[in-house]
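The values are calculated or read from the model by the stated rules, or taken from the named source; none is laboratory data. This one's a predicted model, so the numbers in the text were calculated from it and none came from an experiment. Ideal geometry is used to build each Cβ from the backbone, glycine not excepted, and the neighbour counts take in all protein chains shown. For the accessible areas, the whole protein counts, side chains as well, though only heavy atoms, and no ligand, DNA or RNA atoms are used. Shrake-Rupley method; radii C 1.70, N 1.55, O 1.52, S 1.80 Å.
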Amino acid sequence: AQSVSQHNHHVILSEAASLELGCNYSYGGTVNLFWYVQYPGQHLQLLLKYFSGDPLVKGIKGFEAEFIKSKFSFNLRKPSVQWSDTAEYFCAVRGSSASKIIFGSGTRLSIRP
Amino acid sequence: GAGVSQSPSNKVTEKGKDVELRCDPISGHTALYWYRQRLGQGLEFLIYFQGNSAPDKSGLPSDRFSAERTGESVSTLTIQRTQQEDSAVYLCASSLDGGSPLHFGNGTRLTVT
């Protein structure tokens with residue numbers, strides 16, 4: 001069965017700092033990987049996804065993530081964060097095209113203005 | 001509407017009562033998921049429906065929990081004999097198919113007193 005680990009529970013950064021949120025998954029086969037974001041008072045929405053091809057994927061609002069198969073990782077990055085990036089970020093994995101999507105426990109990102 | 005609709009948005013119930021939560025997915029979406037999010041925690045997978053296939057019920061925490069879906073439309077999540085630990089936000093999501101990103105509803109906040 002697949003599982004997802006997000007090691008950072010709460011990250012606090014200043015504006016313009018660089019961001020990297022860790023995500024590791026456990027699954028032996030082909031995976032689809034996702035990052036979802038939940039802004040305060042809003043519902044979850046897709047930030048970016050990896051299905052196949054270029055392991056460096058770019059999403060909305062300047063976010064990107066790199067799939068490193070050998071490390072079972074899919075870390076989220078942004079070169080310069082803004083106050084509006086304050087949100088909860090969830091990594092998710094699906095083990096095959098027909099199976100459930102499992103979410104990590106989430107990382108709360110707080111940005112100091 | 002164009003999004004996933006969940007009702008009620010809030011539900012307060014007494015311990016021991018049964019509750020029924022409803023999810024209207026986006027029209028044409030064959031996949032439907034239920035998740036539970038306890039306060040300050042991540043998304044816990046409950047159940048997954050994909051078309052006419054048998055649902056994946058592996059996440060249901062006990063036999064007090066059940067869910068149904070009529071074809072590719074409405075789904076209901078039923079919790080019998082509610083307990084205080086059932087208090088959480090119950091999220092529904094749908095996707096075009098098993099390989100597409102999820103669209104989430106706003107959730108039902110369940111409080112068991």
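I'd like the residue in segment B:1-38 that is assigned to a loop (DSSP other than H, G, I, E, B), among the aliphatic types (A, V, I, L, M) and out of contact with any Pro (no Cβ under 8 Å at 6 or more places or on another chain) and, out of all such residues, is nearest to A:Phe90 (Cα to Cα). Ranking the candidates gives B:Ile26 first. Looking across segment A:44-55, the residues that are open to solvent by less than 30 Å² (accessible area, probe 1.4 Å) and within 11 Å of chain B (Cβ to nearest Cβ) come down to A:Leu44, A:Leu47, A:Leu48.
So is A:Gly41 facing another protein chain (nearest Cβ under 10 Å) and either surrounded by fewer than 20 Cβ atoms within 10 Å (Cβ to Cβ) or not in a strand (DSSP E or B) (or both) or not?
Yes, satisfied.
Scanning segment A:56-113 for residues that are within 14 Å of another protein chain (Cβ to nearest Cβ), free of Cβ contacts under 8 Å to residues at least 40 places away in the same chain, open to solvent by 60 Å² or more (accessible area, probe 1.4 Å) and under 15 Å from the mean Cα position of the chain (by Cα) yields one hit, A:Ile60.
Against the condition touching a residue at least 60 places away in the same chain (Cβ under 8 Å), within 11 Å of another protein chain (Cβ to nearest Cβ) and aliphatic (A, V, I, L, M), how does A:Val4 come out, does it pass? Before you say what the answer is, go through the steps one by one.
Numbers: touching a residue at least 60 places away in the same chain (Cβ under 8 Å): yes; within 11 Å of another protein chain (Cβ to nearest Cβ): yes; aliphatic (A, V, I, L, M): yes.
In short, yes.
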